[in-house]
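K.L.:
The following block contains the structure, expressed as structure tokens.
The values are calculated or read from the model by the stated rules, or taken from the named source; none is laboratory data. Everything quoted here is computed from the prediction, not taken from an experiment. Every residue, glycine among them, receives a Cβ derived from its backbone with ideal geometry; neighbour counts consider all protein chains shown.
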Amino acid sequence: MGYLRGTALLLLAVATTCGAQTKALIIDGQNNHAWQQTTPVLKKILEDSGKFKVDVATSPAKGGDMSTFHPDFSTYSLVVSNYNGEAWPAEVNAAFEKWVKQGGGLVAVHAADNAFRKWTGYQEMLAVGGWGGRQSGPGTPMARWRDGRQVMDTDEGPCGRHGARKPFAVTMRDPEHPVAKGLPPVWMHAADELYNHLCGPAQNLTILGTAFSDPENRGTGEQEPMLMSIQYGKGRVFHTTLGHDVAAMQDVGFIVTLQRGAEWAATGKVTLPVPPDFPTATEVKVRQVVP
Ligand code: ZN
């Protein structure tokens, strides 16, 4: 009896522990970045938060038979895109749109915002993106931060540029947002590509953090969006332009905003605390993330 009760309690404890973890799916398989190296780091960062149980769906390689790619989004609360490649089957796009619209959480990392220029739903989810023939203008503005507020810049031109990889400061712009709450107002990010000239539908977009795009480093002289939240139907999207490579992903600012952004996208809340090793306004902080 005692044994059975003990077993039952143990099983209950195991079930509760599993239940407390949200199921997440990272999508990769094609990217002009080293996804084979970065996906295990993203997976480890999410799992280290204690909040996620993470699977990976890898698409066929470039030129492969994409009709075989059918991830089942319905069993997940979060999808993290580390994908920048060929179009998915139309029915996968439709299923993904429906899943996010009905409340699925999406996190887009770095070059994920280069993907799928011709897929309207995806453009709406990420709000802005770059490269792939994108052009800014009315209907596809650049979202920027000027004079203390978010503005839409409809100047016409090609979207998507960056300078050489250097450390830069990220300034938080919506300190009451769950992802941002408690973070220092300014923090140094490790050497990374600072995307500028991103453009897109830019609807239902909240800029959470920006960085100054330095004209001395092929920049715009603007405060460009680095961290964003987007509402898509009932779904929440956290879009980080940071994370070019493993070195950039080992920056504690990247790690913590990814974990908090993922928790927010999946649940609408952030319970993860700001750790003591978070970067400061003057100092980059790095953690070895070993998958
Ligand atoms: Zn990059």
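K.L.:
Is there any pair linking a residue in segment 18-43 that is closer than 23 Å to residue 86 by Cα to one that is within 14 Å of the ligand (Cβ to nearest atom) and among the acidic types (Asp, Glu), with Cβ under 9 Å and at least six apart or on different chains, and which?
P.N.:
Pairs found: 33/245; 34/245; 37/245; 38/245.
K.L.:
Same structure again: Restricting to segment 96-110, name every residue that is in contact (Cβ under 8 Å) with a residue 12 or more places away in the chain and either surrounded by fewer than 17 Cβ atoms within 10 Å (Cβ to Cβ) or in a loop (DSSP other than H, G, I, E, B) (or both).
P.N.:
101, 102, 103, 104 - these are the residues of segment 96-110 that are in contact (Cβ under 8 Å) with a residue 12 or more places away in the chain and either surrounded by fewer than 17 Cβ atoms within 10 Å (Cβ to Cβ) or in a loop (DSSP other than H, G, I, E, B) (or both).
K.L.:
Shifting gears a bit: Filtering segment 19-64 down to residues that are more than 16 Å from the ligand (Cβ to nearest atom), touching a Gly at 6+ places or on another chain (Cβ under 8 Å) and in a loop (DSSP other than H, G, I, E, B), which residue is nearest to residue 76 (Cα to Cα)?
P.N.:
21
K.L.:
Please give the number of the condition residue 229 fails out of (1) part of a strand (DSSP E or B); (2) of a type in the set (Ser, Thr, Tyr); (3) over 16 Å from residue 106 (Cα atoms).
P.N.:
Against the list (1) part of a strand (DSSP E or B); (2) of a type in the set (Ser, Thr, Tyr); (3) over 16 Å from residue 106 (Cα atoms), residue 229 comes up short only on (3).
K.L.:
Given the conditions (1) farther than 28 Å from residue 122 by Cβ; (2) outside any loop (DSSP other than H, G, I, E, B), which single one is not true for residue 181?
P.N.:
Failing condition for residue 181: (2).
Quick grid of which residues meet (1) modelled with pLDDT of 95 or more; (2) in contact with a strand residue (DSSP E or B) (Cβ under 8 Å, 6 or more places away or on another chain); (3) within 24 Å of residue 242 (Cα to Cα):
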| position | (1), (2), (3) |
| --- | --- |
| 33 | yes, no, yes |
| 37 | yes, no, yes |
| 48 | yes, no, yes |
| 63 | yes, no, no |
| 70 | yes, no, no |
| 79 | yes, yes, yes |
| 89 | yes, no, no |
| 94 | yes, no, no |
| 103 | yes, yes, no |
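K.L.:
Ok, one more. Return the residues of segment 80-95 that are out of contact with any Ser or Thr (no Cβ under 9 Å at 6 or more places or on another chain), assigned to a loop (DSSP other than H, G, I, E, B) and polar (S, T, N, Q); say none if nothing qualifies.
P.N.:
Within segment 80-95, just 84 meets the criteria.
K.L.:
Go through (1) closer than 23 Å to residue 206 by Cβ; (2) not in a helix (DSSP H, G or I) one by one and return the number of the condition residue 258 breaks.
P.N.:
Going through (1) closer than 23 Å to residue 206 by Cβ; (2) not in a helix (DSSP H, G or I) one by one, residue 258 breaks only (2).
K.L.:
Please work out which one of (1) crowded, with 21+ Cβ neighbours inside 10 Å; (2) over 30 Å from residue 151 (Cβ atoms) is the condition residue 56 fails and give its number.
P.N.:
(1)
K.L.:
Considering only residues that are closer than 20 Å to residue 155 by Cα and either in contact (Cβ under 8 Å) with a residue 60 or more places away in the chain or under 18 Å from the mean Cα position of the chain (by Cα) (or both), look in segment 212-235 and name the one that is surrounded by the most Cβ atoms within 10 Å (Cβ to Cβ).
P.N.:
Filtering first and then ranking leaves 225.
K.L.:
Quick check: is even one residue across segment 123-133 more than 16 Å from the ligand (Cβ to nearest atom), in a strand (DSSP E or B) and under 14 Å from residue 224 (Cβ atoms)?
P.N.:
Checked segment 123-133: no residue is more than 16 Å from the ligand (Cβ to nearest atom), in a strand (DSSP E or B) and under 14 Å from residue 224 (Cβ atoms).
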